[in-house]
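Just so you know, all these numbers are worked out from the coordinates, no wet-lab data involved. None of the values given here were measured: they were computed from a predicted structure. Glycine also receives a Cβ, built like all others from the backbone with ideal geometry; neighbour counts cover every protein chain displayed.
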Amino acid sequence: MAVHIPGLIAIIVFYLIILSIGLWAGRKARERGSNVENMMIAGRKFGLVVGSITLTATWIGGGAINGTAEGVVRYGLVWCQGPLGYALSMFIGGYFFVDKMRSQGYVTMLDPFSHKYGEKMGGLLFIPAVLGEIFWSGAILAALGSSLSVILELDSTISIIVSACIAALYTFFGGLYSVAYTDIIQLIFIFIGLWLALPFAFTHDAVGDISKNASAKWIKSLDPASSGIFIDNYLLLILGGFPWHTYFQRVLACSTVRNAQIASYISGVGILVFTTPSVLMGAIATVTDWNQTTYSEEVQLPEKDLNLVVPLVLEYLTPRVVAFIGLGAVSAAVMSSADSTILSASTMFTRNVYKIVFRPKASDTELIWVMRISILFVGTLAAVMGIVVESIYTLWFLCSDLIYVLVFPQILCVIYLRWTNTYGSIVGYILGAFFRLAGGEAALGLPALIKYPFYHDKDGQLFPFKTLSMLISLTAIISVSGVTKYLFEHGVLHSKLDVFKCVVTMEGENIETGGSIIEMSRNKTKQGIDGRINEALDISGEDMNTGKPENKEKIM
């Protein structure tokens with residue numbers, strides 16, 4: 001198998017452009033001030049344009065592009081729920097959560113948990129949050145590996161490793177500044193590359209009319225017996241699509257709450273615009289006589305190649321130059337999401353685990369280097385995941401599974417139910433994880449420990465058990481928090497038993513958590529629950545009530 005040299009040169013040039021822009025942005029970031037907040041949230045200087053672009057580019061990764069096309073061919077458009085689900089999620093997050101998070105001056109999605117439920121609970125919620133990021137990175141790197149292997153005949157493992165290294169390298173130096181600036185050029189590549197390829201693919205001699213017999217070929221239908229899982233999946237995507245630090249990192253970096261909200265809405269529309277070519281490529285693949293191409297002797301795509309729909313359409317149904325441009329689009333999509341997830345996971349570890357739990361007095365220099373080492377480590381894990389993954393669409397879908405069941409009920413309670421406490425949070429976390437994992441997961445080889453109603457030996461769980469697991473977690477958080485609050489406040493349980501110090505003090509005084517301030521009774525001076533958490537959560541240059549940065553300079 002010979003590597004296609006001209007195409008390889010084109011991809012190398014593209015990577016060098018992205019790397020140069022990323023390193024240039026990193027230098028500009030250091031000129032604005034070498035501190036950890038600049039690395040994490042770009043000094044809260046993002047204007048509406050940059051905020052909208054970086055949010056859209058983050059969600060339009062290789063998993064979205066390749067996974068959407070695979071979903072259309074494998075399951076039908078009706079079951080390709082990712083694009084619409086994630087788009088609606090951007091509206092939910094923007095309307096209900098952006099104002100609450102941004103106005104409190106938080107730096108990461110886990111900050112309110114560390115502040116309200118304690119450092120250990122913040123660390124515990126770090127697990128599903130970071131696993132979701134790594135799964136996401138694995139899915140998009142796998143998408144790039146498959147694309148390069150088809151079009152350039154380049155080994156997918158080498159492609160994944162090189163791509164992960166480049167994304168990690170410029171993120172290492174520039175943090176969110178580098179990620180945001182490279183997102184701009186990457187989104188341009190994505191738009192041009194994918195939309196340019198469609199006319200050539202539609203007019204290829206081997207391609208039929210997608211409007212003929214569309215319901216049977218690529219739209220397909222919904223089996224009433226599967227309606228529970230259908231609803232379950234949409235709720236998972238809509239409510240599990242925004243509680244990611246990749247999302248909050250960008251809205252928290254916006255210069256104002258209004259810019260953050262509008263950017264979120266624009267990204268929702270952008271997701272639909274940028275995944276439309278993938279939907280159409282999936283439809284094209286179902287009406288193509290692949291026997292008329294040099295790819296296959298079969299009329300339909302073989303089952304084993306369904307995760308290669310986009311690169312196959314580019315390679316065999318478009319001119320070579322167009323295929324290279326389309327490959328640049330897929331590469332751009334991968335880089336725009338890979339760097340975001342690598343940075344996101346590293347930011348959460350540095351701030352909510354290393355600083356809050358282990359080193360509250362760590363200097364900015366120390367934290368920057370911890371963050372950089374974390375970037376390299378997470379990039380390595382993502383590359384490994386991308387190498388061993390099989391179905392891009394399955395892994396892309398699985399990312400929001402963890403977030404939906406474990407993180408969504410927690411962030412809903414910590415933001416809107418201010419009287420919930422650490423006891424409820426822990427019990428909800430454990431129960432949610434148990435009932436979700438007990439339902440089994442074929443993608444991870446987990447058998448079903450609990451067979452929910454309508455279980456089928458061949459099709460597996462047909463009951464919306466993911467939503468049930470989320471509701472069990474949410475109910476546990478609310479009920480256990482309410483019960484423990486009542487028991488401690490009414491003296492049924494002695495104050496010394498409040499081991500997390502989240503309901504009463506050692507003197508038996510009630511405390512109410514109000515986001516970033518703890519108000520104590522008996523006219524005592526206001527003070528934090530835990531000195532270490534308060535110190536670690538301090539926001540330099542921020543007004544905790546308005547979230548307005550002192551520096552008025554902003555980026556677009």
(message) Can you compute the modelled spin-label distance between LYS304 and THR276, with each label point 7 Å from Cα toward Cβ, in nm?
(response) 3.7
(request) Per DSSP H run of at least 4 residues, take -39500 (n - 2.57); add these up for the chain, divide by its residues and hand me the 222 nm value, nearest 500 deg cm²/dmol. (result) -21500 deg cm²/dmol
(request) Give the label of the value calculated from the structure for Kirkwood radius over Cα pairs in Å, choosing from (1) 29.6; (2) 25.4; (3) 24.1. (result) (3)
(request) Provide ASP339, ASP209, ASP289 in ascending order of the number of other Cβ atoms located within 10 Å of each residue's Cβ, fewest first. (result) ASP209, ASP289, ASP339
(request) Can you put THR276, THR341, THR246 in order of Cβ neighbours within 10 angstrom, beginning with the fewest? (result) THR276, THR246, THR341
(message) Test of understanding: ordering LYS361, LYS28 by Cβ neighbours within 10 Å, fewest first, what list do you get?
(response) LYS361, LYS28
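Only Cα pairs under 8 Å and at least 6 apart count here; give the relative contact order of the chain as a rounded whole percent. Could the numbers behind the result be given before it?
On the way: 1042 pairs, mean separation 153.2, N = 556.
Worked out over the chain, it gives 28 percent.
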(message) Greater than 22 Å separation of Cα atoms is the criterion. Which listed pairs, LYS45/LYS120; LYS120/LYS496; LYS212/LYS458; LYS355/LYS466; LYS355/LYS485; LYS217/LYS466, meet it?
(response) LYS45/LYS120; LYS212/LYS458; LYS355/LYS466; LYS355/LYS485; LYS217/LYS466
(message) Using only Cα atoms and rounding to the nearest 10 degrees, what angle (0 to 90) does helix 465-489 make with the longest principal axis of the chain?
(response) 10
(message) I'd like to know which of LEU141, TYR177, ILE127 lies farthest towards the positive end of the charge dipole of the stretch 77-177, counting +1 on Cβ of Lys and Arg and -1 on Cβ of Asp and Glu.
(response) ILE127
